[in-house]
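First the structure, which I've put down as C-alpha cells, then a few questions once you've had a look.
The values are calculated or read from the model by the stated rules, or taken from the named source; none is laboratory data. Values in this document were obtained by computation on a predicted structure and should not be read as measured data. All Cβ positions, even for glycine, are placed from backbone atoms using ideal geometry, and neighbour counts span all protein chains on display.
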Amino acid sequence: MKTRYLFPHRFKKLGWILLIPSLVLGLLLTSEMISAPSWLDMDVFALYDPKMLGDEEGTKEVFKMRETNLADEIIACLLIVSTILVACSEVKEEDEYIGKLRLESLLWATYVNAGFLIFCLFFIYGIGFYQVMVYNLFTLMLLFLVRFHLVLYKASKLSAYEE
C-alpha cells in the first residue's frame, strides 16, 4: 500500500534512537534529578515573557533578549521530532490493516489524553497544573506510540499463531 504522508521505514530507527534518551533526560530534568548544563545558558530573543511585563519604570516591553538555559527547549524539540519520526514512519509491511490500527490508536490516544486533561482541570491547580500542561505537550504522541505498538505486537503474535 502506498502511503502519502508517512516517512520511510528507516526513519523509525532514528526516531527511537532520539526518543529514548530525550525522554529519559526530559523526565530527569523536569523532576530536578539532574540540572541543566551551564554551557547551555544563553541570551535568546523572547517574544513574550511574563517577567518582562511591567518593569520598574512602568513600560511594558515584550520583544526582548533574555538569558535562559536552552536544555529544556532542546529536549522538548528532540521529543517532538522523535515521536513524529517513530509514529509517522511506515512499518515494514504497511497495509490497510496497519492504517486502521494507526487511526484507531490515534483516536484512542486522543480520548485518553482529553480525559486525563479534563481530570487535571478539576483536581490540579497552581504551578502543578502548569507542570501537567508541559507534560501534556507530549502525552498524546506517547500514548499513541504505546497503544499502536502494543496492538501491532499483539496482532503479529495472533497472526503467527494462526499460521
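Has region 144-158 got any residue that is under 12 Å from the mean Cα position of the chain (by Cα), surrounded by 11 or more Cβ atoms within 10 Å (Cβ to Cβ) and within 22 Å of Y5 (Cβ to Cβ)?
First, pick out the residues of region 144-158 that are under 12 Å from the mean Cα position of the chain (by Cα): 144-145.
Next, from what is left, pick out any that are surrounded by 11 or more Cβ atoms within 10 Å (Cβ to Cβ): 144-145.
Narrowing the set further to residues that are within 22 Å of Y5 (Cβ to Cβ) leaves 144-145.
Yes, region 144-158 contains a residue that is under 12 Å from the mean Cα position of the chain (by Cα), surrounded by 11 or more Cβ atoms within 10 Å (Cβ to Cβ) and within 22 Å of Y5 (Cβ to Cβ).
Quick one: what pairs do we get from region 143-163, first residue farther than 21 Å from W16 by Cα and of a type in the set (S, T, Y), second in a helix (DSSP H, G or I) and modelled with pLDDT of 90 or more, C-beta under 7 Å, 6+ apart or different chains?
Every condition considered, no pair remains.
Now, a different point. Tell me, which residue of region 131-161 that is modelled with pLDDT of 90 or more and hydroxyl-bearing (S, T, Y) is farthest from S89 (Cα to Cα)?
Y135
Only one residue in T83, T139, T110 is free of Cβ contacts under 8 Å to residues at least 60 places away in the same chain, within 19 Å of L27 (Cα to Cα) and either of a type in the set (G, A, S) or out of contact with any His (no Cβ under 9 Å at 6 or more places or on another chain) (or both). Which one?
Values: T83 fails: free of Cβ contacts under 8 Å to residues at least 60 places away in the same chain; T110 fails: within 19 Å of L27 (Cα to Cα).
The conditions single out T139.
Separate question: Of the residues F63, F138, which is in contact with a strand residue (DSSP E or B) (Cβ under 9 Å, 6 or more places away or on another chain) and within 30 Å of D41 (Cα to Cα)?
Only one candidate passes the filter, namely F63.
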